[in-house]
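Novice: What follows is a structure written as structure tokens; I'll ask about it next.
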Amino acid sequence: MRWFLLSLWLGIAIARADTDFVVIDANESVPYWCRFTPEGGMGSELLQAMSSAAGLTTQIRFVPLSRMIEDRSNNDSGNPEFFMWQQEFAAIIPIAISEMSLFYYRPHHSKPLKVKGFNDLKSYKIGVLKGILINRKALEQMGLTFESSYTQASLFKKLKVGRIDLVIEIDLVGRQMINQLYPELADDFVRMPLSNTVSPIAIMIDANYPNADSIAERYREGLASIIANGEYQRIVERYYPDGKLPDGWFDSLSRFQQMYAY
């Protein structure tokens, strides 16, 4: 009887431990998700701080974006719009925000580029990360030309040598990539922030993941905790050149949290 009770207790303990361990996929996107740095990037730091506050252990598994989107049974991180169209999630939890910019390489153009609207893009070949365009065929039928790459590094290398004219990328990712690849030529790259492109960076728990609802609630509690004690802001500020959050950060984060609070 004692052995039976011990076995039963061990079974319960192991089952409980399993519910405390979560695997979330991420696409390498410096400085948000960084495979080869101790901190792992802004997103990784925030997620690990949330996990610690919530009593969870989170493993971040780095996967190409296209494979993340194709996998319909994993937990994801990133912009929910890239994933929701073909996967059902028990919870989508925005943890940060991002904004898009267009980048070009000044020496390849005789005068500054002016992009004020959709039609202005039709003259250029635009580099995008593979998997980012949900409605690519429709956009191409409207006159836009794209070239895809699996990594941001590849996009900016193509931009530098003139294989593409523009890169559309998350603003902070693009700036970081230029400084990483071409620090001595950083002034030759021009960024054009795109208005009305603020998007959430979220973690998404698959609908069929074990104990998905309770795990999601613990993540939300962990996020609220690190925001309240100031750890959240200290993490994010380290990743911005001027050492401070962009204006309206928490308002935008709150808006996206309400949008996905289902």
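Novice: Is there a residue in region 133-141 that is outside the structural domain of TRP249 (by the TED database), free of Cβ contacts under 8 Å to residues at least 24 places away in the same chain, part of a loop (DSSP other than H, G, I, E, B) and closer than 30 Å to GLN59 by Cβ? Before you say what the answer is, go through the steps one by one.
Specialist: Step one: filter region 133-141 for residues outside the structural domain of TRP249 (by the TED database), giving 133-141.
Those still in the list that are free of Cβ contacts under 8 Å to residues at least 24 places away in the same chain too: 133, 135-141.
Checking the rest, the ones that are also part of a loop (DSSP other than H, G, I, E, B) come to 133, 135.
Applying the additional criterion that residues be closer than 30 Å to GLN59 by Cβ yields 133.
Looking for residues that are outside the structural domain of TRP249 (by the TED database), free of Cβ contacts under 8 Å to residues at least 24 places away in the same chain, part of a loop (DSSP other than H, G, I, E, B) and closer than 30 Å to GLN59 by Cβ, one finds at least one in region 133-141, hence yes.
Novice: Follow-up question, since we're still on this one. What residue, of SER110, SER123, SER149, SER154, is under 17 Å from the mean Cα position of the chain (by Cα), surrounded by fewer than 21 Cβ atoms within 10 Å (Cβ to Cβ) and not assigned by the TED database to the domain that holds GLU217?
Specialist: SER149
Novice: Then there is this: Kindly indicate which of ARG163, ARG220, ARG175, ARG191 is over 27 Å from LYS116 (Cα atoms) and among the basic types (Lys, Arg).
Specialist: Unique residue meeting the criteria: ARG220.
Novice: Sort out which residues of region 229-262 are open to solvent by 80 Å² or more (accessible area, probe 1.4 Å) and not in a loop (DSSP other than H, G, I, E, B), and write them in order of number.
Specialist: Passing the criteria: ARG234, ASP251, ARG255, GLN258, MET259.
The values are calculated or read from the model by the stated rules, or taken from the named source; none is laboratory data. Since the model is a prediction, treat every value here as computed from it, not as a measurement. FYI the Cβ positions are ideal-geometry reconstructions off the backbone, even for glycines, and counts take in every protein chain you see. Areas reflect the complete protein model, heavy atoms only, side chains present, ligands, DNA and RNA absent. Shrake-Rupley method; radii C 1.70, N 1.55, O 1.52, S 1.80 Å.
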